[in-house]
Amino acid sequence: MRLILSVFVLLTSLATTSIVSQELTNKTSKESFIEWNFGVAYLPEGNSLGDISIFPGTSVLWGTTSINENGFIFEYSAGFALPSIITGKLGIGQKFGNTKVIFGIRPFPSNLYLSSSFTNGDKGYWIVSVEYNPLDSNLGTSFESQALFTLGYRWYITKRN
């Protein structure tokens, strides 16, 4: 839990610095999105589902991505998920051409994540993420998952340059 709190504090301070620096320049872009994900969670031995070690899930999130003139990304989202009911993400990253690579934290279920976008389109783009829970999966904050793999699509709601 101490590790997740430390990462959260680090990401929050970096995000605050990013937002302040973005407000000082006119060369930023901001996009709001709706994201639908589906994926699988890896549940270690001893979970409450018995012999099941892979479990499916899905989520719908609303969020915002801000990118400064150097390609630095600050992103946040929140929404609904199954089976966890609610979820959210907070991350920082870098834009490489049309690809966005983001490292962040998901407070619930608690995971660190790495995501990447690919195949941009007029209405949105595909994303993939790999997530890992460095804590004991039986603590309850991770919904018993040790890792997640997701694939999703983001639709632009607004896109401002």
* Structure fact -> With label points set 7 Å from each Cα along the Cα-to-Cβ direction at Phe96 and Ala147, the distance between them in nm comes to 2.1 nm
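Where Lys and Arg each count +1 and Asp and Glu each count -1, what net charge lies around Arg106 among other residues with Cβ under 15 Å from its Cβ?
Values: positive: Lys89; negative: Glu35, Glu75, Glu131, Glu144.
Once positives and negatives cancel, what remains is -3.
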* Structure fact -> Computed ³J(HN,Hα) along the range 88-103: with the Karplus parameters 6.51/-1.76/1.60, θ = phi - 60°, integer Hz and x for glycine or proline, the list is x, 9, 9, x, 10, x, 9, 9, 10, x, 9, 9, 10, 10, 10, 10
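Please give the FRET efficiency for Trp36 paired with Asn70, using the beta carbon to beta carbon distance and R0 = 41 Å, rounded to the nearest 0.05.
Working: r = 30 Å, r/R0 = 0.73.
Efficiency, rounded to the nearest 0.05: 0.85.
Each value in this text was obtained by applying a stated rule to the coordinates, not by laboratory testing. Just so it is clear, the structure is predicted and the values come from calculations on it, not from any experiment. Cβ: placed from backbone, ideal geometry, glycine included. Neighbour counts: every protein chain shown.
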